[in-house]
1. In Å and on Cα atoms, what radius of gyration and Dmax does the range B:1-79 show?
2. Highest first, please rank the peptides B:76-84, B:95-103 by the mean number of other Cβ atoms sitting within 10 Å of their residues.
3. Between residue B:146 and residue B:235, 0.36 nm times their residue separation minus their Cα-Cα distance comes to what?
4. Once label points are set 7 Å from the Cα along Cα→Cβ at both residue B:6 and residue A:109, what is their separation, rounded to one decimal in nm?
5. With the alpha-carbon atoms as the only input, what is the per residue convex hull volume for chain A in Å³?
6. Specify the angular offset, from 0 to 90 degrees and rounded to the nearest 10, of the alpha carbon long axis of helix A:140-152 from the longest principal axis of the alpha carbons in chain A.
7. Counting each DSSP H run of 4 or more residues in chain B as -39500 (n - 2.57), what helix-only mean residue ellipticity at 222 nm follows after dividing by all residues, to the nearest 500 deg cm²/dmol?
8. Give me the extension gain from residue A:30 to residue A:76: residue separation times 0.36 nm, minus the current Cα-Cα distance, reported in nm with one decimal.
Amino acid sequence: MTIMLLSVEKINVRYGRNHAVKNVSLNLADGEIITVLGANGAGKSSLLKAIQGTEKIESGSIIYEDKDINRWGAPKRVQSGLVLVPEGRQIFISMTVEENLLMGAYSRKNADITNEIEMIFERFPNLKERRNMLAAVLSGGEQQMLAVSRALLAKPTIMMLDEPSLGLSPILVKQLFELIKDINTEGLSILLVEQNTHMALQYADRGYVLELGNIVASGTPADLLADKKLAKAYLGGD
Amino acid sequence: MSAYMTGIIIILCLNIIIAYSVFLPAAAGQLNLGAAGFMIIGAYTDAYLSSADEGLGLPIALTIPVAALFTGLVGFLMSFPILRTRGVYMILATFAFAEIVAGIVLNMEIVGGASGFPVTTHTELEVLLPVTVVVVLFGFYLISTRFGLSMRSIHDDENVSLLFGVNTHLVKVGAFTIGAFLGGLAGALYGHQFDYIEVQNWGILFSIYVLLYVLIGGTQTPWGPLVGAMFFTFIPEILRAIGDATGIELFTELRFAAFGVIIVGMMVLRPEGIMTRTFLELLFRKSIPKSNIKLS
């Protein structure tokens with residue numbers, strides 16, 4: 001068995017009476033892309049927040065790079081390379097594009113990020129053109145690129161993305177997934193939460209299906225798609 | 001300089017300092033309707049420490065900083081309950097704080113209660129003007145720092161700021177405390193200009209005006225409170241001057257009504273305040289490229 005970069009073991013998240021994540025276990029090997037699929041309210045976002053440290057877990061453990069990080073706060077997790085691209089992009093709209101990127105590197109206090117920012121701008125000439133403009137004026141696609149770029153500046157080991165394709169046109173979704181593939185090739189491990197199961201399974205190495213807080217299936221995209229009942233219920237197959 | 005002009009500049013300076021005291025927390029997303037409370041604490045602390053007759057008679061080089069620091073300390077302690085609230089509830093909490101401060105001071109016989117308290121050390125602009133300049137520079141500097149960036153990120157989205165490693169609680173407490181410090185500073189300076197302080201000077205109307213300076217000026221840039229305070233200080237005077245020159249009643253007796261109309265108009269036309277970042281770009285750069293390109 002390969003050594004896991006991230007192991008989530010039987011974690012539970014509860015909001016009052018709502019048991020959002022039930023005994024969920026998953027793991028992510030170095031260099032992998034895994035995806036967590038499921039409908040609205042399946043507990044996908046809660047799972048990511050628990051891993052990122054902004055949501056408390058009731059029981060279970062999260063092991064990252066062989067360390068139990070249950071007691072770490074969100075800032076420490078970011079610093080050590082667990083970075084989340086939140087749902088709905090959530091860029092800082094009254095800051096400029098460049099300031100958004102600076103915020104990405106916030107946890108790297110004394111790092112010289114001039115080169116990294118230039119590399120981002122090389123990758124996304126549109127962002128470069130608007131570097132001194134308010135992020136509010138960006139289009140939806142550009143905002144998503146900025147959200148991913150901002151996360152890249154935090155120097156992630158694992159990048160977690162919460163429904164990044166939400167609200168994007170099919171062409172932009174395709175570009176986004178290509179971008180995710182690219183940054184994965186550059187060495188980042190990816191944990192992708194999606195409702196766009198078709199695209200997610202095309203790019204992921206493995207997938208998990210979450211239903212009402214439980215993991216009901218997991219495996220390679222081929223395995224998941226081969227399960228007729230599963231495909232029909234969750235994966236948009238027929 | 002005429003006494004009238006000096007008077008206007010004194011009021012302008014005090015308005016600018018108190019505007020920054022509300023602006024800095026506002027830049028971090030906190031709406032503060034408690035300016036009066038901090039002003040009272042600063043003014044009375046300084047007056048009691050410096051007054052020769054009824055106070056301790058200490059030199060103002062000591063009492064003004066001590067009064068501001070003491071107000072900052074009160075602000076620091078108050079920030080813990082107040083920062084549990086948000087938005088409109090925070091407005092109510094800070095308002096309640098100011099009312100409590102006023103109530104306590106009104107009933108403190110040692111500082112004169114309802115009859116006010118005399119301030120024996122008088123200063124002219126030689127103290128107020130340099131302090132105001134320093135406060136403005138400090139406001140600009142703070143916003144440009146890493147701390148300032150984190151304040152603005154909290155203003156936009158507290159949860160995402162946390163995601164990128166901002167210690168949001170610390171930054172919020174810091175912004176509130178610095179605001180209180182500046183409010184206390186404005187209060188302390190006020191006494192030495194007008195030689196007499198009373199709680200009734202700083203009621204709810206005062207706090208509303210200061211919050212308006214900031215909101216009308218704009219919370220996005222440190223130009224906002226400066227422009228907002230100037231706007232609020234000069235417009236009524238300009239209206240008065242126009243009225244005196246033309247004899248039109250609208251500008252003299254009704255100038256505050258006309259002023260109200262201007263404020264409502266500003267809120268409709270520029271809800272983000274006068275000094276938005278886009279406006280600054282227009283001022284300092286020739287043009288802004290249009291956003292019509294989709295993706296590469």
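Here, each number is a calculation from the coordinates, and none is a lab measurement. As the structure is a computational prediction, the values presented were derived from the model and not from experiment. Here Cβ is always computed from backbone atoms with ideal geometry, including for glycine, and neighbour counts include all displayed protein chains.
1. Here Rg and the maximum Cα pair distance are 14.7, 43 Å.
2. My ranking of the peptides, most packed first, is B:95-103, B:76-84.
3. Values: separation 89, 0.36 × 89 = 32.04 nm, distance 3.53 nm.
Extra length from residue B:146 to residue B:235 when fully extended: 28.5 nm.
4. Here the modelled spin labels are 4.9 nm apart.
5. With only Cα atoms used, chain A gives 128 Å³ per residue.
6. In chain A, helix A:140-152 runs at an angle near 90 degrees to the longest axis.
7. -24000 deg cm²/dmol
8. 14.6 nm
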